[in-house]
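Q: One structure, pasted below without further comment.
The values are calculated or read from the model by the stated rules, or taken from the named source; none is laboratory data. Not measured: the values here are computed from a predicted model. Glycine gets a Cβ as well: all are built from the backbone with ideal geometry, and neighbour counts include every protein chain shown. Just the protein is used for accessible areas: all its heavy atoms, side chains included, with ligands, DNA and RNA removed. Shrake-Rupley method; radii C 1.70, N 1.55, O 1.52, S 1.80 Å.
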Amino acid sequence: MIDRRNVIERHNPCYKEIKKQTPLSVGNGKFCFTSDFTGLQTFFDEYSALDDAFPLCTMAEWGWHSYPQDKNDTALLRLTPYDTNGRTVYYASDDSNQEELFKQIRINTHKFHLGKISFELPDKKLSIFDCKPVRQLLLLWDGLLFSEFIIDNEIVKTTTFIHPDEDTLYIKVTSPLLDKNKLRVNITFPYGSHKKTAADFTVPQKHTTRLCKSDNGCVVERKLDNTIYKVIINGYGFYIDSDERRHIVNINPQDEVISFSVRFTQENETLPPDSYENALIKCRAFWEQYWSSGGFIDFAGSKDPRAAELERRIILSQYLIAIQSRGKLPPAETGLTCNSWYGKFHMEMYFWHHAHFALWGRIKELKRTFEYYKEILPVAKKIAASQGFSGARWPKMCDPSGENTPSSVAVFLIWQQPHPIMLAELIWRAEKDVSFLHEYCEVIIETCEFMKSFVKLDGERYVLGPPYIPAQERHDPALVLNAAYELEYFRYGFRTADVLLTQIGCQKCYGDIADKLALPAVKGGVYLSHENCPDTFSRLPFYTDHPSMLAMYGVLNSDEKDKGIMSATLDKVLEVWKKETFYGWDFPMMAMTACRLGRYKEAVDLLLMDSPKNTWLENGHNKMTGDDALPLYLPGNGGLLLAVAMLAAGYGEKQGSSFPEGFTAEVEGILGYV
């Protein structure tokens with residue numbers, strides 16, 4: 001049996017200097033707090049000012065805000081017509097002569113920063129140069145962040161953690177400065193923003209902060225346009241006052257030790273949170289249970305020096321996903337750390353965020369978010385019907401409403417369409433629960449009905465497109481025909497839907513379409529991006545971005561692939577592709593292809609490839625170097641765990657470990673992939 005605690009503690013992030021590019025976070029999966037080296041967000045401005053800045057945000061899954069906007073604005077948006085199998089379909093894809101309207105609809109609704117919590121000096125502005133870091137340690141096994149630093153030759157110690165079941169932050173501060181009234185804590189509330197920091201501190205007139213109750217604790221009522229929430233502050237060793245005009249609540253110490261909690265909620269409940277001591281017990285209990293259950297890998301004894309780095313990425317990926325991606329909604333690509341694409345989530349990325357849960361023994365986490373498909377099924381059916389299609393067309397970029405966001409790219413993507421079928425199969429394989437298939441029968445059928453109406457019978461074969469844009473977002477939607485990954489994903493979806501529906505007595509009805517689908521295009525012994533792209537490997541921009549043709553035999557186990565051609569295609573990608581354009585999920589995707597081809601050493605090489613967007617920071621985040629909008633990229637973390645599960649436990653009919661020579665892997669609780 002693996003000594004899991006020992007493995008995890010090998011990878012506790014520990015800083016002894018300021019690390020502005022790699023701040024540490026605590027969270028519970030639906031609420032997250034990102035801290036600077038003080039354990040709070042004291043130097044929010046300094047961290048936000050960097051190139052590729054990593055903001056310090058307080059974010060909750062429910063924390064959405066919209067700027068005031070006329071409800072009829074969406075109806076005024078001019079759509080662009082596209083010929084689709086001889087008829088016209090309209091897409092919200094062109095902002096020409098409607099730039100402001102297009103932008104306003106895109107940025108509403110957005111996630112927002114709930115409140116900046118920071119230290120301050122009562123008599124002057126606290127500079128980052130006034131503080132000398134001593135040590136900051138994230139205890140992964142316990143979910144606790146310890147910070148030590150020096151101000152005016154006096155030590156300050158903070159402990160920061162999140163309640164496992166509530167959106168409540170707990171902080172304990174110890175310092176002689178507190179008792180001398182030389183240091184205090186304040187909470188500054190911003191207006192919402194669609195930008196990366198999710199906060200606007202420059203427009204105090206646009207929102208309200210009202211202190212409703214004060215007695216060694218208080219309830220703060222917050223209103224930002226139509227967004228209303230409460231903040232409940234409680235604890236001991238301090239008193240509270242406020243400056244409501246500047247949206248600041250001060251926590252003024254009366255002792256050398258203060259302990260306080262800050263709960264953020266949209267509910268009317270105003271009862272005080274758990275005490276610090278009770279919450280600490282619950283926090284530690286949750287994390288011990290989390291780490292003690294689910295899948296695990298120990299690379300101790302490996303001779304390959306890269307094993308330790310792979311193990312670090314695995315452990316920290318599990319932690320980051322646990323604190324940001326365990327809610328009821330699919331996560332944004334930057335989770336609850338900061339805004340990317342206004343905090344909206346991308347349904348094609350949902351697979352990379354969550355598929356690994358089914359293999360790592362955490363099926364309930366996948367099932368919790370999978371319910372979102374049922375919730376937005378009426379919206380998805382409306383989207384399909386508005387374009388003259390049957391079934392449910394799942395959105396690409398959206399907020400909780402499920403409504404699509406206008407975009408020159410997003411509205412044309414279709415590789416998110418078979419995701420419900422793939423994820424349903426992963427859930428079914430993990431549990432074999434017939435009641436689950438009954439519950440999601442309609443989701444599966446309506447998914448297939450759209451796919452069925454989207455393909456076109458051309459002679460004796462069904463073809464896919466145009467118009468659409470493949471996962472490799474470098475193509476004119478009007479020209480894309482039979483993109484390799486999408487083509488095989490649709491084929492997989494039809495065949496797998498039949499298998500799943502048969503389990504509950506539904507008659508097979510989609511296999512004939514799968515059998516007649518066109519085959520992926522080949523030229524020069526390699527697979528092309530799509531049938532109308534003979535220059536895939538010879539003309540820019542076609543050999544940039546995601547080499548998604550590889551996913552047809554990696555992410556998928558395509559029945560129609562030729563292993564020799566696929567192996568040559570992988571070689572060609574590695575030879576000519578502009579590697580700096582790979583995204584974080586491309587590396588695990590390519591590793592999965594190498595794995596199915598039996599090229600196991602290359603699979604590990606690809607996971608650890610030295611490439612700008614395969615940078616892994618000390619805090620465990622996959623950094624998209626060179627992309628200021630994406631200081632972190634959680635699909636890279638989720639993709640890593642998925643690919644590692646293939647190597648650790650197998651895929652298809654191949655069972656067991658496939659780690660190459662030099663890797664000694666002890667594996668517990670991981671299932672093989674499809």
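Q: Output the number of residues of region 178-207 satisfying the condition of being surrounded by 16 or more Cβ atoms within 10 Å (Cβ to Cβ) and within 23 Å of Asp255 (Cα to Cα).
A: Matching residues across region 178-207 total 8.
Q: Do we have Ile187 as in contact with a helix residue (DSSP H, G or I) (Cβ under 9 Å, 6 or more places away or on another chain), under 26 Å from Asn28 (Cα atoms) and not in a helix (DSSP H, G or I) here?
A: no
Rundown of residues vs (1) in contact with a Phe, Trp or Tyr (Cβ under 9 Å, 6 or more places away or on another chain); (2) without any contact (Cβ under 8 Å) to a residue 40 or more places away in the chain, yes/no style:
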site: His530; (1), (2): no, no
site: Met552; (1), (2): yes, no
site: Asp559; (1), (2): yes, no
site: Lys563; (1), (2): yes, yes
site: Phe587; (1), (2): no, no
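Q: Let me ask something else about it. Which one of the conditions (1) under 24 Å from the mean Cα position of the chain (by Cα); (2) surrounded by fewer than 20 Cβ atoms within 10 Å (Cβ to Cβ) does Thr159 fail to meet, given that it meets all the rest?
A: Against the list (1) under 24 Å from the mean Cα position of the chain (by Cα); (2) surrounded by fewer than 20 Cβ atoms within 10 Å (Cβ to Cβ), Thr159 comes up short only on (1).
Q: I would also like to ask the following. Could you figure out which of (1) out of contact with any strand residue (DSSP E or B) (no Cβ under 9 Å at 6 or more places or on another chain); (2) buried (at least 24 other Cβ atoms within 10 Å of the Cβ); (3) in a loop (DSSP other than H, G, I, E, B) isn't true of Ser390?
A: (2)
Q: So, of the residues in region 516-535 that are in contact with a strand residue (DSSP E or B) (Cβ under 8 Å, 6 or more places away or on another chain), open to solvent by less than 50 Å² (accessible area, probe 1.4 Å) and in a loop (DSSP other than H, G, I, E, B), which turns out to be nearest to Leu550 (Cα to Cα)?
A: Only one residue tops the list, namely Leu528.
Q: Determine which member of the set Gly620, Gly626, Gly598 is closer than 28 Å to Ser292 by Cα and either in contact (Cβ under 8 Å) with a residue 40 or more places away in the chain or not aromatic (Phe, Trp, Tyr) (or both).
A: The unique qualifying residue is Gly620.
Q: Here's something else I'd like to know. Collect the residues in region 319-349 that are open to solvent by less than 10 Å² (accessible area, probe 1.4 Å) and part of a helix (DSSP H, G or I), keeping them in residue-number order.
A: Hits for region 319-349 are Tyr319, Leu320, Ile321, Ala322, Ile323, Gln324, Gly343.
Q: Return the only residue of Ala308, Ala279, Ala300 being more than 25 Å from the chain's Cα centre (by Cα) and part of a helix (DSSP H, G or I).
A: Ala279 is the lone residue from the list that is more than 25 Å from the chain's Cα centre (by Cα) and part of a helix (DSSP H, G or I).
Q: Which residue is nearest to Leu145 (Cα to Cα), if the candidates are limited to region 1-26 and must be among the polar types (S, T, N, Q) and outside any loop (DSSP other than H, G, I, E, B)?
A: The qualifying residue nearest to Leu145 (Cα to Cα) is Ser25.
Q: List the pairs whose first member sits in region 660-674 and is over 16 Å from Trp291 (Cα atoms), whose second member is open to solvent by 20 Å² or more (accessible area, probe 1.4 Å) and part of a loop (DSSP other than H, G, I, E, B), and whose Cβ atoms are under 6 Å apart, counting only residues at least 6 apart or on separate chains?
A: So the pair list comes out as Gly662/Lys303; Gly662/Asp304; Phe663/Ser302; Phe663/Asp304; Thr664/Gly301; Thr664/Ser302; Ala665/Ser657; Ala665/Phe659.
Q: Can you name every residue in region 656-674 that is open to solvent by 10 Å² or more (accessible area, probe 1.4 Å) and assigned to a strand (DSSP E or B)?
A: Result: Glu666, Val667, Glu668.
Q: Considering only region 89-114, state which residues are within 27 Å of the chain's Cα centre (by Cα) and closer than 30 Å to His247 by Cβ.
A: Lys103, Gln104, Ile105, Arg106, Ile107, Asn108, Thr109, His110, Lys111, Phe112, His113, Leu114
Q: Something else about it: Can you name the residue in region 372-396 that is of a type in the set (Val, Ile, Thr) and in contact with a Ser or Thr (Cβ under 9 Å, 6 or more places away or on another chain) and, of all such residues, is nearest to Tyr82 (Cα to Cα)?
A: Ranking the qualifying residues of region 372-396, first place goes to Val379.
Q: Cβ contacts < 7 Å: first residue within 16 Å of Phe351 (Cβ to Cβ), restricted to region 318-340; second residue at pLDDT below 95 and not in a helix (DSSP H, G or I), any location; separation 6+ or different chain. Result?
A: That search, which allows pairs on different chains as well, returns Glu333/Leu630.
Results for (1) in contact (Cβ under 8 Å) with a residue 12 or more places away in the chain; (2) farther than 21 Å from Ile187 by Cβ; (3) surrounded by 18 or more Cβ atoms within 10 Å (Cβ to Cβ); (4) small (Gly, Ala, Ser), shown as yes or no for each residue.
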| position | (1), (2), (3), (4) |
| --- | --- |
| Ile258 | yes, no, yes, no |
| Val262 | yes, no, yes, no |
| Asp274 | yes, no, yes, no |
| Phe286 | yes, yes, yes, no |
| Ser293 | yes, yes, no, yes |
| Phe296 | yes, yes, yes, no |
| Arg306 | yes, yes, no, no |
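Q: Name the residues in region 601-617 that are touching a residue at least 24 places away in the same chain (Cβ under 8 Å), hydrophobic (A, V, I, L, M, F, W, C) and either more than 26 Å from Leu138 (Cα to Cα) or open to solvent by 10 Å² or more (accessible area, probe 1.4 Å) (or both), would you?
A: Selection gives Ala603, Val604, Leu608, Met609, Trp616, Leu617.
Q: Would you say Asn234 is farther than 23 Å from Asn108 by Cα, in contact (Cβ under 8 Å) with a residue 40 or more places away in the chain and assigned to a strand (DSSP E or B)?
A: It is false that Asn234 is farther than 23 Å from Asn108 by Cα, in contact (Cβ under 8 Å) with a residue 40 or more places away in the chain and assigned to a strand (DSSP E or B).
Q: Sticking with this one: Out of the residues in region 4-19 that are in contact (Cβ under 8 Å) with a residue 24 or more places away in the chain and surrounded by fewer than 17 Cβ atoms within 10 Å (Cβ to Cβ), state the one that is nearest to the chain's Cα centre (by Cα).
A: Asn12
Q: Could you tell me which residue of region 27-50 is most open to solvent (accessible area, probe 1.4 Å), considering only residues that are of a type in the set (Gly, Ala, Ser) and in a loop (DSSP other than H, G, I, E, B)?
A: Ala49
Q: Okay, next question. Can you name every residue in region 261-310 that is over 18 Å from Glu666 (Cβ atoms) and of a type in the set (D, E, K, R)?
A: Arg263, Glu267, Glu269, Asp274, Glu277, Lys282, Arg284, Glu288
Q: To continue, here is another question. So Arg210 clears everything in (1) in contact with a helix residue (DSSP H, G or I) (Cβ under 9 Å, 6 or more places away or on another chain); (2) part of a strand (DSSP E or B); (3) open to solvent by 30 Å² or more (accessible area, probe 1.4 Å); (4) not polar (S, T, N, Q) except one condition, right? Which one?
A: The single condition Arg210 does not satisfy is (1).
Q: Scan region 227-241 for residues that are touching a Pro at 6+ places or on another chain (Cβ under 8 Å) and closer than 30 Å to Ser48 by Cα and jot them down.
A: Ile232, Asn234, Phe238
Q: Just a yes or no: is a residue in region 636-655 closer than 20 Å to Trp585 by Cα, among the small types (Gly, Ala, Ser), assigned to a loop (DSSP other than H, G, I, E, B) and in contact (Cβ under 8 Å) with a residue 12 or more places away in the chain?
A: no
Q: May I pose another question? Within region 121-133, is even one residue crowded, with 23+ Cβ neighbours inside 10 Å and either within 24 Å of His11 (Cβ to Cβ) or over 26 Å from the mean Cα position of the chain (by Cα) (or both)?
A: Within region 121-133 (the criterion being crowded, with 23+ Cβ neighbours inside 10 Å and either within 24 Å of His11 (Cβ to Cβ) or over 26 Å from the mean Cα position of the chain (by Cα) (or both)), the answer is no, since none of the residues qualifies.
Q: If a residue has to be within 25 Å of Thr569 (Cα to Cα) and in contact with a helix residue (DSSP H, G or I) (Cβ under 8 Å, 6 or more places away or on another chain) to count, how many in region 446-464 make the cut?
A: Number of matching residues: 3.
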